[in-house]
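Heads up, the thing below is written out as structure tokens.
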Amino acid sequence: MNALRNKVQLIGHLGQDPEIINLDSGKMLAKFSIATNEVYRDANG
């Protein structure tokens, strides 16, 4: 099986404490909200 790994760096402020979820497979999942002040507009405005 091929292992695919990605690295992401997110810069901002956590909106609240992360929520850690234990999955049935034994893996863990972290859910969190992040606030930034970056603005993105597409061709439609």
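None of the figures in this text is laboratory data; all of them are computed from the coordinates on show. Since this is a predicted model, take the numbers as computed values, not measurements. Positions of Cβ are generated from backbone atoms using ideal geometry, with glycine treated the same way; all protein chains shown enter the neighbour counts.
Just a few scattered comments:
- Members of the range 16-43 that are within 13 Å of the chain's Cα centre (by Cα), in a loop (DSSP other than H, G, I, E, B) and among the small types (Gly, Ala, Ser): SER33
- Here LEU10 meets each of (1) without any contact (Cβ under 8 Å) to a residue 24 or more places away in the chain; (2) part of a loop (DSSP other than H, G, I, E, B) with one exception, condition (1).
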